[in-house]
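**Student:** Quick one: structure below, then a few questions.
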Amino acid sequence: MVFGTRRVLRNLAAGMAVGAVAFAIVDAVRPRPGQARIIDWDEIRDAALRRLDPNDGIDGRQRRALETKYRKLAAELEAPLLDFVGGMDGPFPPFQALDRYGWVDLNVGILRDALDPIVELEERLPNSRFLEFGRGLLDRYVGLILGFLSKRVLGQYDPQLLGHEPAGTPGLYLIEPNIADWQEDAGLAGEELRRWLILHEMTHAWQFEAHPWLRDHLNGLIREVLGAAIDRSRSPLQRMLSMSFGLREQLSVISRVQATMSLVEGYSNLVMDVVGKKVLPGFEQLEAAYQARTGEKTVFEKLFWRLTGLELKLQQYVVGEHFCKEIHERHGLAVLNRAWETAANLPTLDELREPESWARRIKVQQPAG
């Protein structure tokens, strides 16, 4: 009898627990007053800026002086860069100086433009506790990453991927407070350090400005990933389900994006290795300082990079660098530059790991044009 009573009580408790969970779920998804919001960009920006110090800014006068210096250095580096990689129609975008606040604002704007098709789903979604909870987690997560990176990123080229039409002007940026901190910590020569960074970012600009198809190609791949969200002929629920159940196809496209970006970064490192050694007297010291900077992370930083996937991104760039140097050494720059002719010539992730397989494929093809 006692056993039976206990079983009844257990069943009752289990039933109450299930009922409580069901009630919580119903309450979580029950429509609530107010507009549904998938992402709150103001909250993301505030979450990122809370990690910054009030002294992280630079005033207008400092910014103008810095930009004058950056552009002078860039003009001096343009000829040796183009002599190595090849020509380019039109000028490079002018360099701009950013503080950490400006970097956060820039990248919140970039993310907002890129994710606009998904955010448009909220126009027809009902508000609920579940949606509010998810938005809060997403906002804090993205804000945490932006706040963390705002103290580490040294330079950036913005190719205006997935921007509103008409497309804005691509931008070249140096984040001066981060550069100044690294210069002081590592005991580096200020002008040499900035020349080193400018050369790296100018290489990225050449990749996109001299090969306009590359921007269109990446835009096309990203739109494939976001295709279900962009398709206005479907209901919001259908668009979200398509994005979820079409995951295999999306991962295939994402791997192509990763391969392209690995090539972009790896090629830039090759340029630094060849051109940088010629034009920067302190190149070896700068490279050694950079390797030390990337290797000396706190326990928190190591954990953060792993949990956010940034560690994986860096590993992919190492693969891209190995690919570019291997092809350059064995076959020369003319063969490596075949990768910039058409989207069909871009290496896959497998070919990045096996450079000779890409070289065999490319060498049997006729050069574009």
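The values are calculated or read from the model by the stated rules, or taken from the named source; none is laboratory data. This one's a predicted model, so the numbers in the text were calculated from it and none came from an experiment. Reconstructed Cβ throughout: ideal geometry from the backbone, glycine too, with neighbour counts over all protein chains shown.
**Student:** Return the residue satisfying two criteria in turn: it lies in the range 105-149 and is of a type in the set (G, A, S) and surrounded by fewer than 18 Cβ atoms within 10 Å (Cβ to Cβ), and of such residues it is modelled with the lowest pLDDT.
**Tutor:** Checked the range 105-149; the qualifying residue modelled with the lowest pLDDT is S128.
Per-residue answers, yes or no, for (1) within 21 Å of V85 (Cα to Cα); (2) modelled with pLDDT of 90 or more; (3) within 23 Å of the chain's Cα centre (by Cα); (4) part of a helix (DSSP H, G or I):
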residue	(1), (2), (3), (4)
A228	no, no, yes, yes
R234	no, no, no, no
R239	no, no, no, yes
V257	no, no, yes, yes
V264	yes, yes, yes, yes
M272	yes, yes, yes, yes
E287	yes, yes, yes, yes
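**Student:** Taking into account only those residues within the range 179-189 that are in contact with a Gly (Cβ under 9 Å, 6 or more places away or on another chain) and assigned to a helix (DSSP H, G or I), which is surrounded by the fewest Cβ atoms within 10 Å (Cβ to Cβ)?
**Tutor:** A180
**Student:** Need pairs with beta-carbon distance below 6 Å; first residue closer than 18 Å to M88 by Cβ and within the range 213-226, second at pLDDT below 90; sequence gap 6+ or separate chains.
**Tutor:** R215/P159
**Student:** Looking at E249, E224 in this structure, which one is at pLDDT below 60, surrounded by fewer than 20 Cβ atoms within 10 Å (Cβ to Cβ) and under 30 Å from W340 (Cβ atoms)?
**Tutor:** After applying the criteria, what remains is E249.
**Student:** A further question follows. Which ones in the range 34-88 are in a helix (DSSP H, G or I), small (G, A, S) and over 30 Å from K278 (Cα atoms)?
**Tutor:** A47, A48, G60
**Student:** Something else about it: Just to verify a result, which residue in the range 190-219, among those that are among the aliphatic types (A, V, I, L, M) and part of a helix (DSSP H, G or I), is modelled with the lowest pLDDT?
**Tutor:** Once the filter is applied, the top-ranked residue is L218.
**Student:** Determine which member of the set A65, A75, A97 is closer than 19 Å to Y173 by Cα, touching an Asp or Glu at 6+ places or on another chain (Cβ under 6 Å) and at pLDDT 95 or above.
**Tutor:** Going through A65, A75, A97 in turn, the sole match is A97.
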